[in-house]
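The values are calculated or read from the model by the stated rules, or taken from the named source; none is laboratory data. Worth saying up front: this structure is predicted, and the values here are computed from it rather than measured. For neighbour counting, all protein chains shown are included, and Cβ atoms are generated from backbone atoms with ideal geometry for every residue, glycine included.
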Amino acid sequence: MPENEPLVSVVIPMLDESGNVLPLIEEISAALGAYAPVGQAFEIICVDDGSADATVQEIQQAQAKTPHIRLISHPKRLGMSAAIRNGIRRARAKWILTIDGDRQNDPADAPRLLDLAWMKGREQKMLVAGIRVNRRDTAGKRLASRFANKIRKALLNDNCPDTGCSLKVFPRDSYLELPFFNGLHRFMPALLKLYGHECVFTPVNDRPRQHGMSKSDFLGRAVRGTYDLLGVIWLIRHTPEAERGKEIL
């Protein structure tokens, strides 16, 4: 590993998360600090996706205290997939850990996901994804998510019961080799599996939102998700076998 290269880059997409920024960064630093001294084991990349509140100012406040925090700021909202991708493109580590900016994912679960990912060696083609237990969302959101996951799982055969959980660990290069589209973050298990990666799913804690409001648009997401699902099915059926994680002779 090159000098000063972190073991993992934590990428956090954020949209109007004032009030969540500072406690989330503190929790992540506490959870990952055991791997090595702060600033060496990990970096935190906060991607502000055009927030209209004090999110950017709170990230800058955290930067003043801890140098391993980096800020990417979108002048307008581009969406979660774009925020995640731009964070990963700027990341310096070979491994990425993504986590929601609303604090519903618990950073205390992150070390366990990293251990699972690295159990077979850090060169392994692996995705470790969290599966939320004891969901704290509204009943409507849980039902919509459950229905969407069943349809997606049946059509894609990705064996993932909860693609909506943002807490994931995977190699940076593997992600950047995937075709990009809005909604990519919800289809990573199916696509990485297609390209020869082992996918491991593990239960993680789900917490209630403490600050701000959910950005979910159930109807709009359902329509977009249907188009995305059809596109991913087409992509899977038209990906040559030689590209599916196998060497081309």
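Output the residues belonging to the range 90-114 that are over 11 Å from the mean Cα position of the chain (by Cα) and in a loop (DSSP other than H, G, I, E, B). Selection gives A91, R92, A93, K94, D102, R103, Q104, D106.
The numbered conditions (1) surrounded by fewer than 21 Cβ atoms within 10 Å (Cβ to Cβ); (2) in a helix (DSSP H, G or I); (3) not β-branched (V, I, T) are all true for G87 except (1). The residue list V47, V128, V133, V56 contains one member that is modelled with pLDDT under 95 and of a type in the set (V, I, T), which is V133.
Once the range 40-77 is narrowed to residues that are of a type in the set (D, E, K, R) and in a loop (DSSP other than H, G, I, E, B), the residue that is nearest to the chain's Cα centre (by Cα) is R77. Residues in the range 90-134 that are touching a residue at least 60 places away in the same chain (Cβ under 8 Å), surrounded by fewer than 19 Cβ atoms within 10 Å (Cβ to Cβ) and either among the β-branched types (V, I, T) or on the phi > 0 side of the Ramachandran plot (or both): I131, V133, N134.
Sub-9 Å Cβ pairs linking a first residue in the range 224-239 that is among the polar types (S, T, N, Q) and loosely packed, with under 14 Cβ neighbours inside 10 Å to a second residue that is part of a helix (DSSP H, G or I) and at pLDDT below 80, at least 6 apart or interchain, are T226/I151, ordered by first then second residue.
Among the residues making up the range 44-57, those that are out of contact with any Lys or Arg (no Cβ under 6 Å at 6 or more places or on another chain) and crowded, with 23+ Cβ neighbours inside 10 Å are I44, C46, V47, D48, T55. Yes or no: E177 at pLDDT below 80 and over 29 Å from E17 (Cα atoms)? Judged against the criteria, E177 is not a match. Looking only at residues in the range 28-39 that are surrounded by fewer than 19 Cβ atoms within 10 Å (Cβ to Cβ) and outside any loop (DSSP other than H, G, I, E, B), the one that is modelled with the lowest pLDDT is Y35.
When R70 is tested against (1) modelled with pLDDT of 95 or more; (2) over 19 Å from L7 (Cα atoms); (3) in contact with a Cys (Cβ under 8 Å, 6 or more places away or on another chain), just one condition goes unmet, and that condition is (2).
Table: residues versus (1) part of a helix (DSSP H, G or I); (2) charged (D, E, K, R); (3) within 25 Å of A108 (Cα to Cα).
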| residue | (1), (2), (3) |
| --- | --- |
| N159 | no, no, yes |
| Y175 | yes, no, yes |
| F180 | no, no, no |
| G196 | no, no, no |
| V200 | no, no, yes |
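Look through the range 202-225, keep the residues that are in contact with a helix residue (DSSP H, G or I) (Cβ under 9 Å, 6 or more places away or on another chain) and not in a loop (DSSP other than H, G, I, E, B), and return whichever of them is modelled with the lowest pLDDT. So the residue we want is F218.
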